[in-house]
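Chemist: Can you keep this structure in mind? I'll have questions shortly.
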Amino acid sequence: MNRERSRDLYDRALSVLPGGVNSAVRAAPQPYPTFIERGDGGHVVDTDGNRLVDWVMGLGPMLMGHDMPDSVRAAIQSHASEGPMYGMPTEVEVEHAEFVCRHVPSVEMLRFVNSGTEATVSAVRLARAVTERNKIVVMQGGYHGAQESTLVEGDVDHPRPSTSGIPQSFAKHTLPVPFNDETAMHEVFEAHGDDIAGVLIEPVQANMGIVTPEAGYHEAVADLCDEHGALLVWDEVITGFRVGGPQCAQGKYGVDPDISTFGKIIGGGYPVGAIGGKTEYIEQFAPSGDVFQAGTFSGHPVTMAAGLETLRFCAEEGVHDHVNDLGRQLREGLTEVVADQAPGYTVTGLDSMFKLVFTRADGSPQSECCANGCRQDPSCDRYDACPKRGTDTTRAATDRYARIFRPRMREEGVLVSQNQYECNFVSWGHTAEDVERTLEAYKNCL
Ligand SMILES: *Cc1c(COP(=O)(O)O)cnc(C)c1O
């Protein structure tokens, strides 16, 4: 496969962009990233003219794939040519907010921002303001964007910044605990309950492998928040309008967070974020309340039009059925391939997300109870070996994934997630043929 133009572009990029990219994960592919020319349904065409099945899908936003439905394209074009923005309100942001409030059970009111990061920054500020407390509980191996309060690792007794540039005095307000661990959650509330403003949690850990919650876990966390007067903040930036369809993960799991953050899909491929929840909380944002929050581009008309028309199309055309069905086919097929060729590896995911984690489990392959991806089923033979928390993925064969497996898959014409941690996303643009071709590639490359 000729990749000369990608190589040359990366060479140029290294002189003017740090690491040659504008977001760290894009530099993960070995030996250099694939530069993209254009999208085409479930495929991308790179700058050397290679057409590749694309499961990266923009890292999550591209639920429709790369071909926009006519209604989405028309709305984007008209808003782009009419302005494109004013710094004054427009009708389309009201309609988008109405749509989200109508479909997501816990959301009565919404503030749009420009990224998932901005959404979680504002959600943390809001939780601290509402409770007049400082500490935020987060999950080890969780991801909430590139922000000061959550780029923290370690444990409750020794939280430390996970990057340089964040003072230790900030990190001490963040309490990292393991996902899927009720005991750890009880303990942190016992020790710090009066200081905890909120628990910030992804319903499904989707940035470190894909780790689904054990039965009862989220309910237990919600109860603890209630008991101690802390806010439950669900980060639905990835899961929003992907897991559980238009009701999002909170509808699927039947949990009612106080505040939720959104991003990715709700902008229809344009930069977006949002903080939603009960009116009594969201109204505390300025100007109705005294928690300052603002943004020049927030509620940008082009983004709002793209997001709203995308969500409308999904609700009307059975998009979630299509993507979830292909997701199931991929997970089932992968479970078979892996049982044969790499029994120590674990297929994870749900709905339209899938992932093969290169776990080092010995003994039996994933059994039938999890034929459609790990379900945290205690009766499964592989229960102990399958990832229970995102951090388990760091112990997987990450170099084999990055240096051997992924480049081979690309040679087969299939782009999977750029490192072992990110997940793969199915879109409306993908077909059963893409699934078959992908399973064949896994067979050849494992
Ligand atoms: C992507 C992501 C973010 C950050 O969103 P950006 O738009 O990249 O700032 C936050 N939380 C979760 C769960 C995400 O997956």
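Chemist: Considering only L151, T120, S298, whose Cα is most displaced toward the positive end of the charge dipole of region 70-317, charges sitting on Cβ of Lys, Arg (+1) and Asp, Glu (-1)?
Modeler: S298
Chemist: Also: How compact is region 250-325 by the rule of thumb for globular proteins, expressed as Cα Rg over 2.2 N^0.38 Å?
Modeler: 1.30
Chemist: Translational diffusion coefficient of region 70-317 at 37 °C, 0.692 mPa s, Stokes-Einstein with Kirkwood Rh over Cα pairs, in µm²/s as a whole number.
Modeler: After rounding, the answer is 180 µm²/s.
Chemist: For region 70-317, which whole-number percentage of the solvent-accessible area (1.4 Å probe, protein heavy atoms only) is attributable to carbon and sulfur atoms?
Modeler: Looking at region 70-317 in its full context, I get 48 percent from C and S.
Chemist: A further question on this structure: Enumerate the calculated ³J(HN,Hα) couplings along region 354-361 in order (Karplus 6.51 cos²θ - 1.76 cosθ + 1.60, θ = phi - 60°), each rounded to whole Hz, writing x wherever the residue is Gly or Pro.
Modeler: Each residue's phi maps through the Karplus curve to give 9, 7, 10, 8, 7, 5, 10, 7 Hz.
Chemist: Using θ = phi - 60° and the Karplus relation 6.51 cos²θ - 1.76 cosθ + 1.60, list the HN-Hα couplings for region 242-259 in order, rounded to whole Hz, with x at every Gly or Pro.
Modeler: The phi angles translate into 10, 8, x, x, x, 7, 6, 5, 5, x, 4, 8, x, 10, 10, x, 6, 9 Hz.
Chemist: Another question, if that's okay. What does the charge count around M64 come to, taking other residues whose C-beta lies under 11 Å from its C-beta (Lys +1, Arg +1, Asp -1, Glu -1)?
Modeler: Every neighbour counted, the sum reads -2.
Chemist: Still on this structure: What are the principal axis extents of the Cα atoms in region 261-414, in Å, biggest first?
Modeler: Dimensions of region 261-414 along the principal axes of its Cα atoms: 59, 33, 32 Å.
Chemist: Based only on Cα atoms, what mean projected area does the convex hull of the chain have, in nm²?
Modeler: 20.6 nm²
Chemist: Continuing with this model, one more query. May I ask you to work out the translational diffusion coefficient for region 150-218 at 10 °C, viscosity 1.306 mPa s, via Stokes-Einstein with Rh from the Kirkwood sum over Cα pairs, reported in whole µm²/s?
Modeler: Stokes-Einstein gives a translational diffusion coefficient of 121 µm²/s.
Chemist: Can you tell me the length gained on complete extension of the stretch V156 to D256, counting 0.36 nm per residue apart and subtracting the Cα distance?
Modeler: Contour length minus the Cα-Cα distance gives 33.4 nm.
Chemist: Express the accessible area of region 93-160 per residue in Å², computed with a 1.4 Å probe while the remaining protein chains stay in the model.
Modeler: 42 Å²
Chemist: Going 7 Å from the Cα of Y86 toward and past its Cβ, which residues in region 283-303 have a backbone nitrogen under 13 Å from where you end up?
Modeler: Zone members listed by number: 300-302.
Chemist: Follow-up question, since we're still on this one. How much accessible area per residue does region 301-446 have, counting only protein heavy atoms and a probe of 1.4 Å, in square angstrom?
Modeler: Per residue, region 301-446 has 38 Å² of solvent-accessible surface.
Chemist: Further, regarding this structure: So what's the gap between the Cα centers of region 16-35 and region 255-297, to the nearest angstrom?
Modeler: Value for the Cα centre distance between the two parts: 31 Å.
Chemist: Mind checking the dipole of the chain: about its Cα centre, +1 per Lys or Arg Cβ, -1 per Asp or Glu Cβ, Debye to the nearest 20?
Modeler: 1420 debye
Chemist: Of all the stretches in the chain, which is the longest one without any exposed loop site, taking chymotrypsin sites (Phe, Trp or Tyr not before Pro) in a DSSP loop (any state but H, G, I, E, B) with at most 11 other Cβ atoms within 10 Å?
Modeler: Value returned for the longest uninterrupted segment is 87-291.
Chemist: Right, here's the next one. Which residues' amide hydrogens lie under 5 Å from the amide hydrogen of N134, considering only partners 5 or more residues apart or on another chain, with H built in the peptide plane?
Modeler: A197
Chemist: Additional query: Per residue of the chain, what 222 nm ellipticity follows from adding -39500 (n - 2.57) for every DSSP H run with n ≥ 4, rounded to the nearest 500?
Modeler: Result for the chain: -10500 deg cm²/dmol, rounded to the nearest 500.
Chemist: Test of understanding: extend the Cα→C-beta vector of R408 to 7 Å, then name every residue of region 7-42 with backbone N under 16 Å from that spot.
Modeler: Under cut-off, by backbone N: 30-31.
Chemist: Can I ask one more? Please give me, ordered by residue number, the trypsin sites (Lys or Arg not before Pro) of region 122-193 that lie in loop per DSSP and have at most 16 other Cβ atoms within 10 Å.
Modeler: Sites meeting the loop and neighbour criteria: K172.
Chemist: Provide the gained length on full extension for the span K443 to D194, in nm with one decimal, where the gain is 0.36 nm per separating residue minus the Cα-Cα distance.
Modeler: Between K443 and D194, full extension yields 84.4 nm more.
Chemist: Additional query: Using a/c under 1.5 as the rounded threshold, could you call region 378-420 rounded, prolate or oblate? The axes a ≥ b ≥ c are square roots of the C-alpha gyration tensor eigenvalues, and prolate needs a/b larger than b/c, oblate otherwise.
Modeler: Since a/c reaches 1.5 and a/b is larger than b/c, the shape of region 378-420 is classed as prolate.
Chemist: Give the span of region 59-212's Cα atoms along each principal axis, as three whole-Å numbers ordered largest to smallest.
Modeler: Here the Cα extents, ordered largest to smallest, are 54, 35, 34 Å.
Chemist: A further question follows. Give the residue from F354, C101, G198 lying farthest towards the positive end of the charge dipole for the chain; charges sit on Cβ (+1 for Lys and Arg, -1 for Asp and Glu) and the dipole is referred to the Cα centre.
Modeler: F354
Chemist: Still on this model: Give or take rounding to whole Å, what are the principal axis extents of the alpha carbon atoms in region 30-93, in descending order?
Modeler: 46, 24, 20
The values are calculated or read from the model by the stated rules, or taken from the named source; none is laboratory data. Everything numeric here is computed off the predicted structure, so don't read it as measured data. Heads up, the Cβs are rebuilt from the backbone with ideal geometry, glycines too, and the neighbour counts pull from every protein chain shown. Surface areas here come from the heavy atoms of the whole protein model, side chains and all, with no ligands, DNA or RNA. Shrake-Rupley method; radii C 1.70, N 1.55, O 1.52, S 1.80 Å.
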